[in-house]
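The values are calculated or read from the model by the stated rules, or taken from the named source; none is laboratory data. Since we're looking at a predicted model, the values are computed, not measured. So basically every Cβ, Gly included, is an ideal-geometry build from the backbone, and we count neighbours across all protein chains shown.
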Amino acid sequence: MEMPRHVVSVEQFDRATLFLLFERAEALRHCTAEALASRLRHKVMATLFYEPSTRTRLSFEAAMVRLGGQVISAEYAAATSSAAKGESIEDTARIISGYADVLVIRHPQAGAAARAASVATIPVINAGDGANEHPTQALLDLYTIWREHGRLDHLRIAFVGDLRYGRTVHSLARLLRHCQDIEVFLCAPSVARLDTELIAELITAGLNVQECDDLLALAPTLDVVYQTRVQRERYQTQAEYEQARSRFILDETFLDAFNPRGIILHPLPRNEEIAPSVDRDPRAAYFRQAHNGLFLRMALLEWVFNLLHADLTTSDGSAWTIR
Ligand code: CP
């Protein structure tokens, strides 16, 4: 039996595949609804979310529906699936393999998606496993950088906020190893710093990584500011959470200092770390970023079903095939 194509970690993607996905997402964006609507006909996607979500679950479900597939969902899975009766993630994945063609799973435990993938006979997509990884978010983050800046190389990027528990940071930082001439600045309170092993991995891969206390001083030279929410739900005590609460707030003062050609990204949801007044600034790219997730996830669904090279007809009527 052919092995299913899982999306469990960003580690599985090389630079060539990143470009394939980004170019395919771009092509899918320009297709008519009719051209999309039969691509995954008769395919069923199961979404199994043990943690809350707006963007990831709904953009995956929208992507599947727009591609002509169907969705079955357990959105409060911790309470409403048989996990509440003690069923293991492995048994759940085995059962869903008999009902659906792809399983998208979010779980509070690191490694949960990999455990599901180890027994599933259908592709498993990791929609976030604890504080470990969020690979599809990182792919859409990098896709957004590529769209906004027109390149993946020669970038100065600040990661800001909760770098300890921010799984999107862990995944995106790892993806940056495929890019050239990258300077990374880490701006986090001491209780929320990036894991030292991951920093060592990045440095070994050739990234220039520096801790940073003064985001405002860096602002004029940054191409990307990747702001994050402090993950209140992962801190053991209120006191620790209070220490982690960002003192790196993006507001009008930051905008005044920020590179006119820079962009602000955030995986969302946000709390206090970006002032609402920032939304009006064209450099605030986080809502465009969330929208990009729809197209990137369409491309990923095609990738797991090995359809990424199938012909597409774009809205101008021209045939489009991945080079
Ligand atoms: N970025 C992200 O994962 O958002 P949701 O938690 O809303 O899915």
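Odds and ends about this structure:
- Residue in the stretch 55-70 that is in contact with a strand residue (DSSP E or B) (Cβ under 8 Å, 6 or more places away or on another chain) and of a type in the set (Ser, Thr, Tyr) present: yes
- Within the stretch 202-230, the set of residues being within 23 Å of Arg15 (Cβ to Cβ), over 20 Å from the mean Cα position of the chain (by Cα) and either not hydrophobic (A, V, I, L, M, F, W, C) or not assigned by TED's automatic domain parsing to the domain that holds His154 (or both) comprises Thr204, Gly206, Asn208.
- The residues on offer are Ala219, Ala200, and the sole one that is among the small types (Gly, Ala, Ser) and in contact with a helix residue (DSSP H, G or I) (Cβ under 7 Å, 6 or more places away or on another chain) is Ala219.
- Residue count for the stretch 151-173, restricted to those that are under 22 Å from Glu240 (Cα atoms) and either of a type in the set (Ser, Thr, Tyr) or without any contact (Cβ under 8 Å) to a residue 60 or more places away in the chain (or both): 5
- Flag if Leu194 is part of a helix (DSSP H, G or I) and either touching a residue at least 12 places away in the same chain (Cβ under 8 Å) or among the aromatic types (Phe, Trp, Tyr) (or both): no
- From the list Val71, Val104, the one residue that fits, being within 16 Å of the ligand (Cβ to nearest atom), over 20 Å from the mean Cα position of the chain (by Cα) and not assigned by TED's automatic domain parsing to the domain that holds Leu140, is Val71.
- Restricted to the stretch 23-129, the set of helices (runs of 4 or more DSSP H) holding at least 1 residues that are of a type in the set (Asp, Glu) comprises 33-36, 55-66, 89-97.
- Scanning the stretch 64-81 for residues that are within 11 Å of Asp101 (Cα to Cα) and in contact (Cβ under 8 Å) with a residue 60 or more places away in the chain turns up just one, Gly69.
- Residue match in the stretch 29-46 (condition: within 22 Å of Ala114 (Cβ to Cβ) and touching a strand residue (DSSP E or B) at 6+ places or on another chain (Cβ under 7 Å)): yes
- Residue within the stretch 174-186 that is crowded, with 23+ Cβ neighbours inside 10 Å, touching a residue at least 60 places away in the same chain (Cβ under 8 Å) and touching a Leu at 6+ places or on another chain (Cβ under 9 Å) present: no
- Which listed residue, of Glu34, Glu61, is within 16 Å of the ligand (Cβ to nearest atom), among the acidic types (Asp, Glu) and without any contact (Cβ under 8 Å) to a residue 24 or more places away in the chain: Glu61
- Contacts under 6 angstrom Cβ, first residue in the stretch 246-261 being closer than 14 Å to Ala158 by Cβ, partner of a type in the set (S, T, N, Q) and at pLDDT 95 or above, 6 or more apart: Leu250/Gln227
- Whichever residue in the stretch 207-260 is aromatic (Phe, Trp, Tyr) and under 17 Å from Arg164 (Cβ atoms) and, among such residues, is surrounded by the most Cβ atoms within 10 Å (Cβ to Cβ): Tyr226
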